[in-house]
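What follows is calculated from the coordinates using simple rules that are stated; it is not laboratory data. Just so it is clear, the model here is predicted, and its values are computed rather than measured. Neighbour counts run over all protein chains shown; Cβ positions are idealised from the backbone, glycine included.
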Amino acid sequence: MTDTSIRAVALEGGFGVDRLTLTRRERIAPGPRQARVRLHAASLNRRDLLLVEGVYNPRQALPIVPGSDGAGVVEAVGSGCRRVKVGDRVVVHFFPGWIAGEPTAEKLATGLGGPGGDGVLREAMTIDEDALVAIPAEMSFETAATLPCAALTAWSAIVELGRVRPGDTVVTQGTGGVSIFALQVAKMCGARVIATTSSPAKAERLHALGADHVIDYRAEPDWGRAARNLADGRIDLIVEVGGAGTLESSLRAIRPGGCIALIGVLSGAKAAVTLTLAVMRQVRLQGVTCGDREQLEAMLRAVAANGIDPAISHTFALEEARAAFETMRAERHVGKIVVTI
Ligand SMILES: NC(=O)c1ccc[n+]([C@@H]2O[C@H](COP(=O)([O-])OP(=O)(O)OC[C@H]3O[C@@H](n4cnc5c(N)ncnc54)[C@H](OP(=O)(O)O)[C@@H]3O)[C@@H](O)[C@H]2O)c1
């Protein structure tokens, strides 16, 4: 490798996991208030798979380096940097342009590995220092790389927007990155967690990670009623990642005045649902899209202070990126899929 180029995984020539190619990118010198990060680990989110498959944005310009979640070491800084210095261990924020405050169209157009440009499946990236957050001393790069998208989304749903309190009952759906972290954060907040999943083997993992009750939604298609019965009718928050196929059940299961955190659309994005279940019962339908950098910092403090250990399911090397994406597509994982760089 020459000093002017780095290895990267890029989507070239069309959509599809089989179009992911190990290629080279320029090593870019940081400009004013920018830093170059030598990336050591990344993690995949469902969004990355959807982007690669051309579903997330069929008009996405190619080539693009996918991936939003990365962690590494600052190896160079431009003039005027105040937040970071060479040698700092950092994690990259999902929305480099959303530092704090209300979301706006401009802030939400900065997501890495998508509308905001090339992502983290590469050896180094040059980025505004404002998008970087220090990693707690005892945290590995692999663990830090699990946090920016799925975990911050779960944190926003449970803590920032959901305002879960001790004694509340939270329902999580499935064993993906968002849901497993939501389980861990909800337990940290003192909530009771009812988790759903598709298989007995994954149910065992959920119990080991602290779920109070697990419902196999294949064996029990009316999982919403089963959850409501387990909660004596009082489900305070549902982490809704299923979308079209689960929203009606969530609306029937949530208590009056409860909150459905609308996060994912795994079973479809267009739903015909009974709106009176929300209207007449004052249910809050709360869209969640990741969070801002200050919330990422707050979450990192909470993870460190409470010893939360994000669940890493599989680890692949950069050159095995296709296998990492295929593992996600086959839903073999529980928690996060990490790529070491
Ligand atoms: N709005 C945001 O900011 C944001 C951020 C991150 C993710 N998301 C979205 O949230 C969803 C989950 O993302 P992720 O990264 O956690 O995905 P992931 O890691 O790929 O999780 C997929 C898992 O979800 C479960 N699942 C699949 N279909 C389901 C269904 N119909 N009902 C219930 N569970 C189902 C399966 O687990 P089991 O086999 O255990 O059921 C599957 O393994 C995606 O739609 C993603 O786009 C949104």
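Taking 0.36 nm per intervening residue step and subtracting the Cα-Cα distance, what contour gain separates residue 326 from residue 99 on full extension?
Values: separation 227, 0.36 × 227 = 81.72 nm, distance 3.27 nm.
Once the chain is fully extended between residue 326 and residue 99, it gains 78.5 nm.
Normalised by the residues of segment 190-341, what does the relative contact order come to in percent, with Cα pairs under 8 Å and at least six apart?
Values: 221 pairs, mean separation 21.4, N = 152.
Worked out over segment 190-341, it gives 14 percent.
Which of the pairs 107/202; 85/187; 85/107 have their Cα atoms more than 28 Å apart in this structure? Could you put the intermediate results ahead of the total?
Working: 107/202 36 Å; 85/187 35 Å; 85/107 25 Å.
In this structure, 107/202; 85/187 lie more than 28 Å apart at Cα.
Give, as a single signed number, the net charge of other residues whose beta carbon lies under 10 Å from the beta carbon of residue 151, with Lys and Arg counted +1 and Asp and Glu -1. Mind showing how you got there, number by number?
On the way: positive: 336; negative: 69.
So the surrounding residues net to 0.
Relative to the Cα centre, what is the charge dipole magnitude of the chain, using +1 at the beta carbon of each Lys and Arg, -1 at the beta carbon of each Asp and Glu, and rounding to the nearest 20 debye? Kindly include the intermediate steps, with their values, before the conclusion.
Working: 38 positive and 37 negative charges, 86 e Å.
Charge dipole, the chain, about its Cα centre: 420 debye, nearest 20.
Roughly speaking, what is the stretch gain from residue 244 to residue 297, that is 0.36 nm per residue apart minus the C-alpha to C-alpha distance, in nm to one decimal? Walk me through the numbers on the way to the answer.
Details: separation 53, 0.36 × 53 = 19.08 nm, distance 3.23 nm.
Difference between extended and current length: 15.8 nm.
Applying a 10 Å radius around every beta-carbon, put 174-184, 24-34, 117-127 in order of their mean neighbour count, most first. Don't jump to the answer; show the numbers that get you there.
Working: 174-184: 27.5, 24-34: 15.5, 117-127: 23.0.
Packing order, densest peptide first, comes out as 174-184, 117-127, 24-34.
222 nm [θ] for the chain, helices only, -39500 (n - 2.57) per DSSP H run of 4+, per residue, to 500? Kindly include the intermediate steps, with their values, before the conclusion.
Working: 11 runs with 82 residues, N = 341.
Rounded to the nearest 500, it is -6000 deg cm²/dmol.
Roughly speaking, what is the stretch gain from residue 306 to residue 38, that is 0.36 nm per residue apart minus the C-alpha to C-alpha distance, in nm to one decimal?
Numbers: separation 268, 0.36 × 268 = 96.48 nm, distance 2.82 nm.
Difference between extended and current length: 93.7 nm.
Taking the Cβ-Cβ separation of residue 7 and residue 273 as r and a Förster radius of 51 Å, what is the calculated FRET efficiency to the nearest 0.05? Could the numbers behind the result be given before it?
Numbers: r = 46 Å, r/R0 = 0.90.
After rounding, the FRET efficiency stands at 0.65.
Can you tell me the relative contact order of the chain? Whole percent, Cα pairs under 8 Å, sequence separation 6 or more. Present the calculation step by step, with values, prior to reporting the outcome.
On the way: 822 pairs, mean separation 61.1, N = 341.
Result for the chain is 18 percent.
In degrees, nearest 10, range 0 to 90: what is the angle between the Cα axis of helix 177-188 and the longest Cα principal axis of the chain?
70
Within segment 229-265, what residues put their amide N at less than 11 Å from the label point 7 Å along the Cα-to-Cβ vector of residue 282?
Zone members listed by number: 256-258.
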